[in-house]
Every structure is written in C-alpha cells, then in structure tokens.
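See below for the structure under consideration.
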Number of protein chains: 2
Amino acid sequence: EDPTLFLENGEFSLRAADEAVKYALESGTGTGVYKRAEVHIGPPILNPKKIICVGLNYADHIKEMNRELPTHPVVFAKFSNTLMGPNEPFPLRTSLTEKLDYEGELAFVIGKRAYRVSEEEALDYVAGYTVANDITARDMQKRTVQWLQGKTLDKSLPLGPWLVTLDEIKNSQALSIKTSVNGVVRQSSNTANLVFNVNRLVAFLSDFITLEPGDIIITGTPGGVGEAQGLFLQDGDVVKVEIEGIGTIETKIIKED
Amino acid sequence: EDPTLFLENGEFSLRAADEAVKYALESGTGTGVYKRAEVHIGPPILNPKKIICVGLNYADHIKEMNRELPTHPVVFAKFSNTLMGPNEPFPLRTSLTEKLDYEGELAFVIGKRAYRVSEEEALDYVAGYTVANDITARDMQKRTVQWLQGKTLDKSLPLGPWLVTLDEIKNSQALSIKTSVNGVVRQSSNTANLVFNVNRLVAFLSDFITLEPGDIIITGTPGGVGEAQGLFLQDGDVVKVEIEGIGTIETKIIKED
C-alpha cells in the first residue's frame with residue numbers, strides 16, 4: 001500500500017513493475033488491467049515524512065507578490081493531511097476562508113536518503129516528478145507572520161496523476177506549466193524560469209535536513225495566482241494544472257459550509 | 001516500536017502497562033526491570049505525522065522579540081528529522097549557523113483523531129505532556145520570510161524524558177518551566193502565562209487540520225531566549241529544560257565542523 005518501499009528499491013522496482021505490466025497486458029482484463037475511468041487514483045505518495053514547499057521561486061510571481069528576489073530559497077511546510085488524489089474535489093468552508101487560491105507547481109519526490117548531497121549528484125536521489133496544486137487560503141496565510149495555517153488545510157494538496165520517473169524526463173527545467181480555472185488560463189510559464197532548480201533545492205535542503213524516500217518537494221508557483229487579480233476560488237470552480245511530459249490534475253471546488 | 005498504537009488504545013493501554021510494570025517489578029531484574037542509567041531513552045514519539053509549533057505564545061517572549069500580541073496563534077512546522085531523545089547531544093555545525101539558540105517549551109501529544117473539536121472537549125484528544133527544546137538557528141530562521149529552515153535542522157527537537165498522561169497532570173496551566181545553560185537559569189516562567197492554552201490550541205488547529213494520534217504540538221517559549229541577550233550556544237554548552245510535574249531534558253552541544 002505504501003509506495004515508499006517501491007521508491008527505496010529504485011531500478012529493481014522499475015524492472016519488476018515493467019514485467020508485471022507486460023504480463024498483465026498480455027493476459028488481458030481480469031488480471032489487473034483496468035480502464036482509466038474505472039479506477040480511483042489517489043496521490044502517488046501517501047505518508048511522506050515531509051512535504052517541503054518552496055515559495056517565491058519564479059521571478060514573475062515574486063514581482064506580483066511585491067517581494068524581493070530571495071538570496072536563499074524560502075521554504076515552508078504542508079502536512080500529510082493535505083494530500084489527495086489528482087481528481088478529487090476540494091471542500092471549501094467559507095467560514096474558514098474567503099480567499100481560496102490555487103498555485104500550480106512542479107513537484108518531485110525523494111527516492112533515496114540524502115544528506116549533504118551536491119548539486120551534481122542531486123538527481124541520483126530523486127525518484128520522479130509529479131504535478132501539484134498548492135491550494136492556499138490567502139487570508140489565513142497572511143493573518144500571522146508565518147504562512148503554515150493558510151497552507152495546510154485538509155486536502156489542500158492535490159497531487160498526481162502519477163510519478164514520472166527520471167528516465168522519462170531528461171530535463172526538468174524545460175517543461176511548460178499551465179493552470180486554468182473553468183478553462184481560462186491563469187498561469188502559463190515554463191520550469192526554465194525557476195530561480196532555484198531541482199538540483200539546487202536538493203543540495204540546499206540536504207545540507208541541513210536529512211531527506212528520506214517519499215519526501216515530497218513542491219518547487220513554487222509562477223505568476224498569475226488569483227490573489228494578484230483579486231479573483232478567488234468559488235463553489236463549482238474547476239482548477240486544472242498541467243505540466244508538459246507529466247500530466248494534468250483537476251480539482252473541483254465544492255462548498256461545504 | 002511505534003508508540004502511536006499505544007496512544008490510540010488510550011485507557012486500555014494504560015491499564016495493560018500498569019499490570020506489566022507491576023508484574024516486572026514483582027519478578028525483579030532480568031524480566032524487564034532496568035536501572036535508569038543503564039538504558040538509552042529515545043523521544044517518546046518516533047514518527048509523528050506532524051510536529052506543529054506555536055510561536056510568540058508567552059507575552060514576555062513576544063516583547064523581547066519586538067512583536068505584537070497575535071490575534072491568532074502563530075504556527076509553523078518542524079519535521080520528524082528533528083526528533084531526538086532527552087539526553088542526546090546536538091551536533092553543532094558552525095558552517096551552517098553561528099546563532100544557535102534554545103527554546104524551552106511544554107509539548108503535548110494527540111491521542112485520538114481530532115477534527116473540529118471544541119475547547120471543552122479538547123483534553124479528550126490529548127494523550128499527555130512532555131518537555132521540548134525547540135533548538136533554533138536564528139540566522140537561518142531570519143534570512144528569509146519563513147522560519148522553517150532555521151527550525152528543522154536534524155536533531156533540533158530533544159523531547160522527553162517521557163510522556164506524562166493526563167491523570168497525572170490535572171492542570172497544564174500551572175507548571176513552572178525553566179531553561180538553564182551550564183547551570184545558569186535563562187528562562188523562568190509558568191505555563192499560566194501561555195497566551196493560547198492547550199484547550200484553545202486543540203480547538204484552533206483541529207478546525208482546519210485533522211489531528212492524528214502521535215501528532216506533537218509544542219506550545220511556544222517564554223522570555224529569556226539567548227538571542228535577546230546576544231548569547232548563542234557554543235561547543236560544550238549544556239542546556240537543561242525542566243517542567244514541573246514532567247521532568248528534565250538535557251542537551252549537550254557538540255561542535256561537529
């Protein structure tokens with residue numbers, strides 16, 4: 001049930017999975033082959049020890065939030081209560097927040113324990129990439145000096161639709177990333193614009209935090225968040241985040257109180 | 001190995017443990033009875049899903065940090081890489097930080113899943129109390145707008161010496177709390193001075209975060225941190241945090257690079 005062990009076994013897991021898939025496809029439905037629409041997909045990681053979020057990591061988003069280019073990555077946390085699958089709805093409680101916002105982001109997952117790893121070696125410790133929406137309650141984020149309370153609402157991290165391994169993405173810094181609400185594009189950028197890229201983040205973080213298999217790192221959002229336009233998410237809105245070479249996650253906002 | 005299951009079984013676990021202890025004591029050494037000095041004690045919780053920290057929660061500490069009394073609790077995170085036992089040393093890397101500081105704090109641990117729990121019911125969801133030192137790298141905490149990177153260094157949360165259950169502490173708001181460095185008292189306060197007490201914190205947090213058994217909440221530190229006096233922790237320093245009715249944790253700082 002927990003994919004962390006799968007990650008820890010790296011190449012071996014991948015070969016075993018390839019063979020299992022080949023066998024199932026040859027044998028046909030009834031032996032583990034299902035149609036995409038018939039299955040419920042959860043998040044690709046269930047119980048990470050850490051979800052580390054990077055803030056202010058695209059120059060255009062830094063500008064729209066009226067902040068300076070940081071000398072060090074800005075990092076904050078979400079907890080595992082935020083994780084949900086790539087197509088599950090988000091329950092909006094307007095009694096908690098009137099300023100719900102999206103943040104489309106490239107996420108990566110750690111595959112091997114990492115401590116004091118260099119930028120050059122960094123990718124050896126990455127299991128793969130996935131798509132995240134760092135759903136944020138802006139009013140809760142800003143009512144105190146620390147953002148955590150606006151960042152860690154239950155189910156505020158739709159993740160998926162799957163983990164794409166490094167053999168399929170040679171360069172994580174050349175992927176278009178787009179967020180739309182009800183079909184209207186709101187964020188449109190490219191991971192080439194990341195201030196601190198995946199290699200630098202692994203090196204920076206592992207210098208003082210031991211990273212563990214299954215740890216999720218979300219790399220920050222480009223310009224175009226709702227807040228910059230005074231537009232917040234409402235009951236019935238559908239938010240899509242799409243990253244080239246990985247896939248799309250889609251979250252419907254459903255008012256609960 | 002993981003005490004979370006023990007917590008989930010509440011009263012039943014306590015009765016079973018009482019009986020096991022009684023049996024072992026009657027049977028003598030060799031059947032599970034050891035001297036305190038002969039055993040290594042780890043932290044009372046090993047793999048919490050969350051470590052939620054409350055900042056600026058004693059009026060005197062708020063004043064010494066030149067901040068306003070908050071309208072809502074300020075919350076931030078540490079990750080589980082920070083956990084260590086009550087008498088283990090802390091490895092100081094001066095290449096990372098030149099401003100290492102202590103924060104003695106009352107911690108409590110969640111015993112039952114809690115979502116939207118009232119202040120009145122709050123203690124039904126608390127398994128017990130323990131002592132924490134929220135070791136902080138002030139320079140890393142303040143170099144960006146979010147504190148996390150200065151708060152989550154490996155081993156920066158000595159915790160223990162044990163979990164004291166609610167039957168032994170009737171009122172968590174009447175406990176003296178003291179921190180000393182090399183025998184000199186630096187922090188001396190009482191949990192009566194908490195701005196947001198345990199009941200309010202459970203109600204506040206569980207309103208938007210599902211709390212799980214084993215989650216650790218550290219409630220904030222009183223006035224007297226090293227930074228306010230320009231005194232930071234050095235190689236060889238011994239930091240003790242003592243809370244009335246719970247116990248003492250002691251951390252030796254050992255320079256590593």
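The values are calculated or read from the model by the stated rules, or taken from the named source; none is laboratory data. What you see is a predicted model; the values in this text were computed from it and never measured. Here the Cβ positions follow ideal geometry from the backbone for every residue, glycine too, while neighbour counts run over all protein chains shown. The accessibility values were calculated without ligands, DNA or RNA, using every heavy atom of the protein model including side chains. Shrake-Rupley method; radii C 1.70, N 1.55, O 1.52, S 1.80 Å.
Distances from A:GLY10 to the same position in the other copies: list them in nm, one decimal, shortest first, using label points 7 Å from Cα along Cα→Cβ.
Taking the point 7 Å beyond Cα along Cα→Cβ, the inter-copy spacings are 4.6 nm.
Carbon and sulfur atoms: what percent of the 1.4 Å accessible area of the range A:1-124 do they account for?
Exposed carbon and sulfur together represent 52 percent of the surface.
Which distances, in nm and shortest first, link the A:GLU119 label point to the same label point in every other copy, taking 7 Å along Cα→Cβ?
With the label placed 7 Å along Cα→Cβ, A:GLU119 yields 5.1 nm.
Taking a cut-off of 22 Å between Cα atoms, list the lysines near A:LYS50, but don't count ones fewer than 8 places away on the same chain.
Qualifying lysines at Cα under 22 Å: A:LYS78, A:LYS112, A:LYS151, A:LYS155, B:LYS49, B:LYS50, B:LYS78, B:LYS112, B:LYS142, B:LYS151, B:LYS155.
Give the percent of DSSP beta bridges with both residues in the protein assembly as shown that are antiparallel, rounded to the nearest 5.
Taking every DSSP beta bridge within the protein assembly as shown, about 85 percent pair in antiparallel fashion.
To the nearest 20 debye, what charge dipole does chain A have about its Cα centre, counting +1 at the Cβ of each Lys and Arg and -1 at the Cβ of each Asp and Glu? Could the numbers behind the result be given before it?
On the way: 26 positive and 36 negative charges, 108 e Å.
For chain A, the charge dipole is close to 520 debye.
Give me the accessible area per residue for the range B:1-95, probe 1.4 Å, as a whole number in Å².
Dividing the accessible area of the range B:1-95 by its residue count gives 58 Å².
Assuming R0 = 45 Å, can you tell me the calculated FRET efficiency for the pair A:ALA16 and B:ASP167, based on Cβ-Cβ distance, to the nearest 0.05?
Using R0 = 45 Å, I get an efficiency of 0.35.
For peptide B:75-85, how many partner chain Cβ atoms fall within 10 Å of a residue's Cβ, on average?
What the average comes to for B:75-85 is 5.
At most 16 other Cβ atoms within 10 Å plus a DSSP loop assignment makes a site exposed; report the longest stretch of chain B without any exposed GluC sites (Glu not before Pro).
Numbers: sites that count: B:GLU1, B:GLU68, B:GLU98, B:GLU119, B:GLU120, B:GLU121, B:GLU168, B:GLU244, B:GLU256.
With GluC sites (Glu not before Pro) excluded where exposed in loops, chain B gives B:169-243 as its longest stretch.
Calculate I(q)/I(0) for chain A by the Debye formula, one identical point scatterer on each C-alpha and no solvent, and give its log10 at q = 0.14 Å⁻¹ to two decimals.
-0.94
Would you jot down the residues in the range B:199-218 that end up with at least 10 Å² less accessible area in the complete protein assembly than in the chain alone, with a 1.4 Å probe?
For the range B:199-218, once contacts with the other chains are taken into account, B:PHE204, B:ASP207, B:PHE208, B:ILE209, B:THR210 lose 10 Å² or more.
Using all Cα-Cα distances in the range A:85-213, what percent lands in each 10 angstrom bin from 0 up to the longest?
11, 34, 37, 16, 1
Give the separation of the Cα centroids, the range B:155-228 to the range A:155-171, in Å.
What the calculation gives is 38 Å, centre to centre.
Chains B and A: what accessible area do they bury, summed, in square angstrom to the nearest 100, with a 1.4 Å probe?
3200 Å²
Under the definition of partner shielding as Cβ atoms of other protein chains within 10 Å of a residue Cβ, what is the mean value for peptide A:147-155?
Values: counts 6, 11, 11, 1, 2, 7, 4, 4, 1.
Mean partner shielding for this stretch: 5.
What does the protein assembly as shown give for Rg and for Dmax, in Å, if only its C-alpha atoms count?
For the protein assembly as shown, the Cα-based Rg and Dmax read 23.5, 73 Å.
Within the range A:12-83, report the trypsin sites (Lys or Arg not before Pro) that DSSP leaves as loop and that have at most 10 other Cβ atoms within 10 Å.
Loop-located and lightly packed - A:LYS35.
Can you tell me the length gained on complete extension of the stretch B:ALA37 to B:ALA192, counting 0.36 nm per residue apart and subtracting the Cα distance? Could the numbers behind the result be given before it?
Values: separation 155, 0.36 × 155 = 55.80 nm, distance 3.30 nm.
Gain on extension, B:ALA37 to B:ALA192, equals 52.5 nm.
Just report the Cα centroid separation between the range B:1-76 and the range A:120-141, whole Å.
Spelled out, the Cα-based centre of one part sits 31 Å from the other.
What does the copy distance list look like for A:GLY183, label position 7 Å along Cα→Cβ, in nm and ordered from shortest?
7.8
Per the Cauchy relation, a quarter of the hull surface: what is the mean projected area of the convex hull of the alpha carbons in the range B:129-198, in nm²? Please list the in-between numbers first.
Numbers: hull surface 25.1 nm².
Dividing the Cα hull surface by four gives the mean projection, 6.3 nm².
Calculate the spin-label point distance for B:GLN229 paired with A:VAL238, positioning each point 7 Å from the Cα along the beta-carbon direction, and give it in nanometres.
6.2 nm
Suppose every Lys and Arg Cβ carries +1 and every Asp and Glu Cβ carries -1, with no other charges. What dipole size does the protein assembly as shown come out with about its Cα centre, to the nearest 20 debye? List each step's numbers first, then the result.
Numbers: 52 positive and 72 negative charges, 172 e Å.
Its charge dipole is roughly 820 debye.
With no solvent and one point on each alpha carbon, what is the Debye value of log10 I(q)/I(0) for the range B:189-238 at q = 0.14, 0.16, 0.27 Å⁻¹?
Calculated log10 I(q)/I(0) at the listed q: -0.58, -0.69, -1.06.
Summarise the accessible area of the range A:185-253 (1.4 Å probe, protein heavy atoms) by the percent that is carbon and sulfur.
39 percent
So if I take the alpha carbon set of the range B:1-91, get Rg, then get Rh from the Kirkwood formula, what is the Rg over Rh ratio?
Over the Cα atoms of the range B:1-91, Rg/Rh equals 1.13.
Summarise the partner chain shielding of B:91-100 as one whole number: the mean count of Cβ atoms from other chains within 10 Å of each residue's Cβ.
Partner-chain Cβ atoms within 10 Å, mean over residues of B:91-100: 1.
Hey, which residue of A has the C-beta nearest the axis mapping A onto B, and what's the distance in Å?
A:ALA77, 2
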